[in-house]
Amino acid sequence: MQEDYAIGPTPDRIKQLLQEAILRDYPNPERKGCFDSAILTTIAQQRLPYEDPHWAHVSHCSPCYAEFLGLRKRFREKRSAVRRFQFLLWTAVVIMVVFLLGLSAITFLRAH
């Protein structure tokens, strides 16, 4: 394990350490200045630029950041499921087109 740190931490490890620090080092038990879930959802769906002032609070408030991480995870899972469905749908369409073209070719060749 020590050898891994000799070459430096990976980007994923840095991300993990930063997330852990935000979750640990910015308690806000009274939830002062916190936004409602709609704002956190918008942030989680990456519909606000990082320059937006809402990010400053989320990145310095453990409860908001924890909620943001959960919302982002659900959003990514849903987006991934939609993409899988779209891929399967397009694959089925291509298979049907190839099948129908093949069937048409066989029918045409038999007729001539």
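Rule-based calculations on the coordinates, nothing more; no lab input. The shown structure was predicted, so the numbers you read here are calculated from the model rather than taken from an experiment. Cβ sites come from the backbone with ideal geometry, for glycine too, and all protein chains shown count toward neighbours.
Structure notes:
- Where a residue in segment 37-51 is at positive phi and its partner, wherever it lies, is surrounded by 14 or more Cβ atoms within 10 Å (Cβ to Cβ) and part of a helix (DSSP H, G or I), with Cβ under 9 Å and at least six apart: Gln46/Arg72; Gln46/Phe75
- Where Gln16 falls short, out of the listed (1) without any contact (Cβ under 8 Å) to a residue 40 or more places away in the chain; (2) surrounded by 13 or more Cβ atoms within 10 Å (Cβ to Cβ): (2)
- Helices (runs of 4 or more DSSP H) contained in segment 1-87 and holding at least 1 residues in contact with a Lys or Arg (Cβ under 6 Å, 6 or more places away or on another chain) and small (Gly, Ala, Ser): 37-44
- Subset of segment 57-86 [exposed (fewer than 12 other Cβ atoms within 10 Å of the Cβ) and over 16 Å from Ser37 (Cα atoms)]: Glu77, Lys78, Arg79, Ser80, Ala81, Val82, Arg83, Arg84, Phe85, Gln86
- Pairs where the first residue, in segment 73-102, is farther than 24 Å from Ala44 by Cα and the second is hydrophobic (A, V, I, L, M, F, W, C) and surrounded by 10 or more Cβ atoms within 10 Å (Cβ to Cβ), C-beta under 6 Å, 6+ apart: none
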